[in-house]
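Novice: I have a structure I would like to understand better, so I am pasting it below and will then ask my questions one at a time.
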Amino acid sequence: MYAFNLQRATTAAEAARLAATGARPLAGGQTLVTAMKLRIAQVDSVVDLGGVAELAGIGRHGNALRVGAMTRHAAVAASAEVQQAIPALADLAGHIGDRQVRTMGTLGGSLANNDPAACYPAAVLGLGATVHTTSRAIAADDFFVAVFTTALGDGELITAVDFPLPRRAAYVKFRQPASRFALIGVFVAQFETGVRVAVTGGGSGVFRHAGLERALNASFTPNAAASVPIDPTGLASDLHGSAEYRASLIGVMAQRAVARAMGA
């Protein structure tokens with residue numbers, strides 16, 4: 001690890017000011033600290049967000065559930081409010097990584113990193129959430145740009161995420177056994193206005209699947225999901241699975257997610 005300067009912020013404004021000067025934000029540290037230890041990333045200055053109390057917490061905000069950016073995965077999973085309002089979100093958080101990861105990892109850190117196999121991006125995109133930052137509000141459909149790339153600007157920090165409350169929703173993933181990341185994960189959410197389906201783990205970042213959405217808007221059943229052909233074009237092919245295998249998993253995970261959302 002290279003030498004670096006560590007600064008600890010106590011307010012969101014202070015954190016944003018330090019980030020604007022070039023300090024790298026440190027949320028849960030699951031990715032940044034590892035990259036620094038391996039000397040993959042050379043960082044001169046780091047601002048620790050762990051002491052910014054205003055960035056953590058869970059509560060209702062209008063017709064949405066607001067989760068602070070520094071809220072740990074374990075806190076989301078254990079929250080009675082999340083379990084009641086959006087059970088699928090609590091279930092997703094409770095199956096991220098292992099206990100150590102869930103204790104340290106944060107919602108904002110996961111979203112800002114935008115790992116192509118991370119679980120939280122699927123929930124944000126699948127639920128059509130709004131990402132709040134130190135300068136604006138960003139719709140989920142506009143937030144995820146590419147692999148490890150988001151709409152966040154230099155020095156812009158995530159402060160909270162508003163999750164609309166669905167009629168029913170579920171997330172199912174096929175885990176890569178070593179990393180516990182999603183080889184493929186599918187988040188399905190049904191609203192009065194329609195169905196959203198988000199897929200993670202495909203290799204090119206989280207994305208919505210229009211074919212599954214059309215089929216499930218017509219009939220919210222596992223059979224409807226099973227009838228949708230999944231094109232492997234653009235999906236990753238590596239030692240863990242071919243593009244065709246991942247395409248097959250999308251269909252299977254979508255069917256299981258719909259069944260779970262229906263209470264099966």
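Novice: Relative contact order of the chain: what whole-number percent is it, with Cα pairs under 8 angstrom and at least 6 residues apart?
Specialist: 16
Novice: Using the Cα gyration tensor of the chain, with a ≥ b ≥ c the square roots of its eigenvalues, what is the shape: rounded (a/c below 1.5), prolate (a/b larger than b/c) or oblate (neither)?
Specialist: Prolate, because a/c is 1.5 or more and a/b exceeds b/c.
Novice: Provide the net charge surrounding Ile230, with neighbours chosen by a C-beta distance below 12 Å and charges set as Lys +1, Arg +1, Asp -1, Glu -1.
Specialist: -1
Novice: Follow-up. From the helices alone, meaning DSSP H stretches of at least four residues, give me the mean residue ellipticity at 222 nm for the chain, per-run term -39500 (n - 2.57), in deg cm²/dmol to the nearest 500.
Specialist: Result for the chain: -9000 deg cm²/dmol, rounded to the nearest 500.
Novice: Separate question: Take the chain, connect every pair of alpha-carbon atoms lying under 10 Å apart with a spring to form a Gaussian network, then pick out the residue of Ala90, Ala41, Ala117 with the largest mean-square fluctuation.
Specialist: The residue with the greatest mean-square fluctuation here is Ala41.
Novice: Which distance in Å, rounded to a whole number, links the C-alpha centroids of the stretch 98-172 and the stretch 196-237?
Specialist: Between the Cα centres of the stretch 98-172 and the stretch 196-237 lies a distance of 20 Å.
Novice: Would you work out which of Gly155, Gln190, Ser242 lies farthest towards the positive end of the dipole of the stretch 149-264? Charges go on Cβ: Lys and Arg +1, Asp and Glu -1.
Specialist: Value: Gln190.
Novice: Now for a separate question. Positive end of the dipole of the stretch 78-193, charges at C-beta (+1 Lys, Arg; -1 Asp, Glu), about the Cα centre: which of Thr103, Ile138, Gly128 has its Cα farthest in that direction?
Specialist: Value: Thr103.
Novice: Would you mind working out the magnitude of the charge dipole of the chain relative to its Cα centre, with +1 at each Lys and Arg C-beta and -1 at each Asp and Glu C-beta, to the nearest 20 Debye?
Specialist: The dipole magnitude comes to about 540 debye.
Novice: Mind telling me which of Leu38, Leu165, Leu212 comes out most flexible in a GNM of the chain, alpha-carbon contacts under 10 Å?
Specialist: Leu38
Novice: Checking the a/c ratio against 1.5 first, then a/b against b/c, what shape does the Cα gyration tensor give for the stretch 1-113? Write out the running numbers ahead of the final one.
Specialist: Working: a/c = 3.02, a/b = 1.60, b/c = 1.89.
Taking the square roots of the gyration eigenvalues as a ≥ b ≥ c, the stretch 1-113 is oblate.
Novice: Work out the length of the dipole vector of the stretch 169-261 about its Cα centre, built from +1 on the beta-carbon of each Lys and Arg and -1 on the beta-carbon of each Asp and Glu, and round it to the nearest 20 debye.
Specialist: So the dipole magnitude of the stretch 169-261 works out to roughly 280 debye.
Novice: Can you tell me how much longer the chain between Glu244 and Thr21 gets when fully stretched, taken as 0.36 nm per residue apart minus their C-alpha distance, in nm with one decimal?
Specialist: Length gained between Glu244 and Thr21: 75.8 nm.
Novice: Next question, about the same structure. For the stretch 1-84, with only Lys/Arg (+1) and Asp/Glu (-1) charged at the beta-carbon, what is the dipole magnitude about the Cα centre, in debye rounded to 20?
Specialist: 140
Novice: Pick out which of Val188, Val199, Val101 has the largest mean-square fluctuation in a Gaussian network model of the chain, springs linking Cα atoms closer than 10 Å.
Specialist: Comparing Val188, Val199, Val101 in a Gaussian network model of the chain, the most mobile one is Val101.
Novice: Moving on. Set Lys and Arg Cβ to +1 and Asp and Glu Cβ to -1, take the dipole of the chain about its Cα centre, and tell me which of Ala23, Ala85, Gly263 lies farthest positive.
Specialist: Positive-end residue among those listed: Gly263.
We did not get these values from a lab; they are worked out from the coordinates using the rules stated. Note that the coordinates shown come from a computational prediction; the quantities given were computed from them, not determined experimentally. Reconstructed Cβ throughout: ideal geometry from the backbone, glycine too, with neighbour counts over all protein chains shown.
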